[in-house]
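Laboratory data are not the source of any read-out in this text; all were calculated from the coordinates shown. This one's a predicted model, so the numbers in the text were calculated from it and none came from an experiment. Every residue, glycine as well, gets a Cβ built from its backbone with ideal geometry; the counts of neighbours run over all protein chains shown.
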Number of protein chains: 2
Amino acid sequence: MPTTPEQASARHAAPQRVTARRGRTRRRLLDAALEVFAETGFGRSTVEQICERAGYTRGAFYSNFVSLDELFLAMWEERSARMLDDLRAALADVPSAPPREAVQAALAAIPVEDAWYRVSAEFTAHALRNPSLRDVVVAREQAIQDTVLPVVVAALERAGRRVADPAALGHALVAVHDGTAVQVLLEPDAAAVHERRAALFLNVLDAYSTPAPPDRPPTAPPTSPS
Amino acid sequence: MPTTPEQASARHAAPQRVTARRGRTRRRLLDAALEVFAETGFGRSTVEQICERAGYTRGAFYSNFVSLDELFLAMWEERSARMLDDLRAALADVPSAPPREAVQAALAAIPVEDAWYRVSAEFTAHALRNPSLRDVVVAREQAIQDTVLPVVVAALERAGRRVADPAALGHALVAVHDGTAVQVLLEPDAAAVHERRAALFLNVLDAYSTPAPPDRPPTAPPTSPS
DNA sequence: TGCATCGGATACGTTCATGTATCGAAAGCC
DNA sequence: GGCTTTCGATACATGAACGTATCCGATGCA
């Protein structure tokens with residue numbers, strides 16, 4: 001459960017009324033943090049760098065956050081939640097296409113952003129050192145699966161396939177996503193990498209589902225789904 | 001191409017004769033670096049932490065390395081080369097087993113070490129910011145594939161399967177390895193994670209190979225390979 | 001064993017980031 | 001529009017990490 005917005009900024013006592021500008025500065029600091037962390041790395045980033053980027057001085061930072069660690073966590077939670085929303089929206093947009101097109105559309109809608117990748121890779125590594133952060137990451141991955149799986153399972157069913165072990169498929173999809181994201185970023189210009197990525201997703205979808213006994217005979221597919 | 005050992009330690013001119021203890025200190029610094037980076041994170045680690053851990057003062061460090069970045073690179077190259085050797089050895093040990101056992105044996109032989117994972121995740125993120133480091137990482141991944149693929153392809157052939165696109169299989173295996181390694185570290189006690197990991201590897205091996213037309217009819221397998 | 005070179009320890013000075021305490025301007029309430 | 005509260009700016013003190021210049025014990029060679 002994330003920290004409530006009030007308690008984070010406690011100076012002496014919690015402020016009785018919160019002004020509008022506070023929200024703006026907090027947002028700008030969070031945005032600046034992503035950029036700075038991505039460019040410099042979390043460990044090398046300083047409070048002043050972030051404030052400068054956001055257009056403030058350190059006073060603004062210490063009025064809004066206790067430490068860089070707290071900002072790091074807040075930023076990660078916000079961005080990863082946003083990414084999850086984007087994912088949800090992208091999946092809702094391409095519900096009825098056949099598997100191959102659906103996968104390509106979904107991958108195109110969730111571009112691999114290298115700034116975010118760098119930051120989240122570092123955050124994951126950081127979380128492995130800190131039990132409470134570790135739990136946060138695990139919970140987020142669970143949320144991702146809870147979002148993705150129903151859509152994917154439904155889409156596969158429309159294509160006449162049944163998923164025997166949804167949890168296994170969920171983990172496999174996440175692993176493939178993460179693993180191939182690195183490859184995409186390492187060789188950003190290679191079209192082959194993107195194709196292999198999409199192909200791997202398709203293979204996984206195929207491997208984790210079986211042709212369902214047609215309750216009502218489905219429209220015979222012109223090409224086999226594999 | 002890694003830097004030659006001499007040029008790294010140039011003080012005024014390259015030393016004419018190199019003593020034995022220099023090798024020891026360099027090694028201890030490299031070993032200490034892995035530990036410290038894993039515990040503290042690369043960006044937060046200091047020269048003094050590493051020297052203290054290794055049992056030296058900063059003088060030893062600056063006599064052997066120019067900067068923390070150089071040490072980071074040297075350490076990564078050494079460890080990842082060592083890991084590649086271990087992998088080679090592990091693959092050589094289990095050549096003739098059927099796919100399922102072979103995969104499990106290989107995964108057991110290459111345990112997911114969290115210290116190394118943390119460090120290499122950070123290194124990868126770091127490399128994405130630095131073109132020359134990026135090339136180093138790409139080259140290393142290529143080397144891994146060149147090591148793994150022949151063995152895997154041969155093993156599959158013994159099992160009566162042919163690999164159509166070895167490069168695609170190589171990338172898929174690396175992606176799956178990296179992606180599932182995180183999951184293993186995030187939930188170290190869950191046996192299910194390990195099983196899903198092995199299953200995913202098997203699925204990939206299966207998806208990227210096809211039953212080969214038997215040149216000589218193979219001994220009929222009692223159970224199907226999948 | 002004596003001697004020249006090497007390699008790590010020590011001792012600087014400097015820079016940089018941190019966190020706090022205080023001040024003044026902007027924002028909300030009447 | 002005056003008054004109070006909030007919030008970010010400023011100033012300051014402190015500590016930590018850096019990199020270098022120098023010194024002296026260790027090491028290898030004859």
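At-a-glance table
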{"quantity": "Label-point separation in nm, residue A:63 to residue B:84, each point 7 Å along Cα→Cβ", "calculated": "5.4 nm"}
{"quantity": "Gyration tensor (alpha-carbon) shape descriptor, the protein assembly as shown, a/c threshold 1.5", "calculated": "oblate"}
{"quantity": "Neighbour-count order for B:37, A:61, fewest beta carbons within 10 angstrom listed first", "calculated": "A:61, B:37"}
{"quantity": "Nearest-0.05 FRET efficiency for residue B:147 and residue B:52, computed from C-beta distance (R0 60 Å)", "calculated": "0.95"}
{"quantity": "Rg to Rh, two decimals, where chain B supplies the alpha carbon set and Rh follows Kirkwood", "calculated": "1.06"}
{"quantity": "Between helix B:131-158 and chain B: long-axis angle, C-alpha atoms, 0 to 90°, nearest 10", "calculated": "30 degrees"}
{"quantity": "Charge sum, other residues only, whose C-beta stays under 15 Å from residue B:45's C-beta, Lys/Arg counted +1 and Asp/Glu -1", "calculated": "-3"}
{"quantity": "Computed [θ] at 222 nm, deg cm²/dmol, chain B (DSSP H ≥ 4; -39,500 (n - 2.57); rounded to nearest 500)", "calculated": "-23000 deg cm²/dmol"}
{"quantity": "Mean separation of Cα contacts under 8 Å (6+ apart) over length of region A:5-66, as relative contact order %", "calculated": "40 percent"}
{"quantity": "Residue order, fewest to most surrounding Cβ atoms within 10 angstrom, among B:185, B:84", "calculated": "B:84, B:185"}
{"quantity": "Distances in nm from residue B:193 to the matching label points in the other copies, shortest first (labels 7 Å along Cα to Cβ)", "calculated": "2.6"}
{"quantity": "Angle between chain B longest axis and helix B:20-40 axis [Cα atoms, degrees, rounded to 10]", "calculated": "70 degrees"}
{"quantity": "Cα-based helix-to-principal-axis angle, B:114-127 vs chain B, degrees rounded to 10", "calculated": "80 degrees"}
{"quantity": "Size of electric dipole in region A:5-66: Cβ of Lys, Arg +1 and of Asp, Glu -1, about Cα centre, debye, nearest 20", "calculated": "340 debye"}
{"quantity": "Residue order, fewest to most surrounding Cβ atoms within 10 angstrom, among B:83, B:75", "calculated": "B:83, B:75"}
{"quantity": "Point-to-point label distance, residue B:212-residue A:44, nm (Cα→Cβ direction, 7 Å offset)", "calculated": "4.8 nm"}
{"quantity": "Nonlocal amide H pairs with residue A:130, under 5 Å, H built at 1.01 Å", "calculated": "none"}
{"quantity": "Interchain or long-range residues, amide H under 5 Å from residue A:161's placed H", "calculated": "A:212"}
{"quantity": "Nearest residue to the symmetry axis between B and A, taken on chain B by its Cβ, in whole Å", "calculated": "B:43, 1"}
{"quantity": "In sequence order, calculated HN-Hα J values of region B:77-93 (Karplus, 6.51, -1.76, 1.60; Hz; x Gly/Pro)", "calculated": "4, 5, 5, 6, 5, 5, 4, 5, 4, 4, 4, 4, 4, 5, 5, 6, 6"}
